[in-house]
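*Asks:* Handing you this structure, nothing more for now.
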Amino acid sequence: MELHPMLVHLPLGGLLLAGVGYALAWIKKDDFFLKAATLLHLAASVCLLPAIFSGRSAFSEINASPELKVLSNQHELLGYVCTWVFALLLVWRYLKPRLARKEAALFTLAYFLGMGLIIWSAHLGGQMVYRHGAGTDLMQAPAVAPPSPAQSSSE
């Protein structure tokens, strides 16, 4: 069983939900949402690390086409970029727990840009699985040519 699909969804959901929490904290000026979002942000960022390492391990085990390798490299690069973006945003929150209204809006905007990156990375991961069969039994099975029309009509 592939470990990466099991590990990747928790940080994705946590980071997206944290973004909603940061937006609500900014809109409602409520500390509860800010604390909840920061906690989710921290927990999901920590959970990104095993997801990344399991993804590297999963891809090294499959025989990939050139197109899938390009897609995988983009997905992996975005995974690293997202990890750094969310880590730097977490450092920003830690160094400045109380943000002025305009700075909080800028932080929330930067966070939403990070969310866009992680959604695009998830889309690429989905393309790897649903278009190319990465991590599925299709990838492990030997390629079998379909019967020619002459063979199927003679049967």
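*Asks:* If Ser72 passes every condition in (1) surrounded by 19 or more Cβ atoms within 10 Å (Cβ to Cβ); (2) closer than 26 Å to His132 by Cα; (3) among the polar types (S, T, N, Q); (4) touching a Leu at 6+ places or on another chain (Cβ under 7 Å) but one, which one does it miss?
*Replies:* Here Ser72 meets the rest and fails (4).
*Asks:* Let me ask another. With Leu68, Leu49 as the choices, which residue is in contact with a His (Cβ under 7 Å, 6 or more places away or on another chain) and in a helix (DSSP H, G or I)?
*Replies:* Leu68
*Asks:* Output the number of the condition that Gly21 fails; it satisfies all remaining conditions of (1) under 30 Å from Arg131 (Cβ atoms); (2) surrounded by 18 or more Cβ atoms within 10 Å (Cβ to Cβ).
*Replies:* Only one criterion is unmet by Gly21, namely (1).
*Asks:* Also, quick follow-up: Is it the case that some residue within the stretch 23-30 is in a helix (DSSP H, G or I), of a type in the set (Lys, Arg), more than 15 Å from the chain's Cα centre (by Cα) and within 21 Å of Gly116 (Cβ to Cβ)?
*Replies:* Checked against the condition, which is being in a helix (DSSP H, G or I), of a type in the set (Lys, Arg), more than 15 Å from the chain's Cα centre (by Cα) and within 21 Å of Gly116 (Cβ to Cβ), the stretch 23-30 yields no hits at all.
*Asks:* Determine the pairs where a residue that is surrounded by fewer than 18 Cβ atoms within 10 Å (Cβ to Cβ), located within the stretch 38-57, has a partner that is at pLDDT 90 or above and part of a helix (DSSP H, G or I) with Cβ atoms under 8 Å apart, the partner being 6 or more residues away or on another chain.
*Replies:* Correct list of pairs: Leu42/Leu90; Ala43/Gly14; Leu49/Thr83.
*Asks:* Let me ask something else. Quick check on this structure: which one of Leu12, Leu77 is touching a residue at least 40 places away in the same chain (Cβ under 8 Å), within 15 Å of the chain's Cα centre (by Cα) and in a helix (DSSP H, G or I)?
*Replies:* Leu12
*Asks:* For Gly55, only one of the following conditions fails: (1) under 17 Å from the mean Cα position of the chain (by Cα); (2) not in a helix (DSSP H, G or I). What is its number?
*Replies:* (2)
*Asks:* Sticking with this one: Please state which one of Leu113, Leu90, Leu34 is surrounded by fewer than 14 Cβ atoms within 10 Å (Cβ to Cβ), out of contact with any Asp or Glu (no Cβ under 9 Å at 6 or more places or on another chain) and in a helix (DSSP H, G or I).
*Replies:* Going through Leu113, Leu90, Leu34 in turn, just one is surrounded by fewer than 14 Cβ atoms within 10 Å (Cβ to Cβ), out of contact with any Asp or Glu (no Cβ under 9 Å at 6 or more places or on another chain) and in a helix (DSSP H, G or I): Leu113.
The values are calculated or read from the model by the stated rules, or taken from the named source; none is laboratory data. If you're wondering where the values come from, they're calculated on a predicted model, not measured in any experiment. Glycine also receives a Cβ, built like all others from the backbone with ideal geometry; neighbour counts cover every protein chain displayed.
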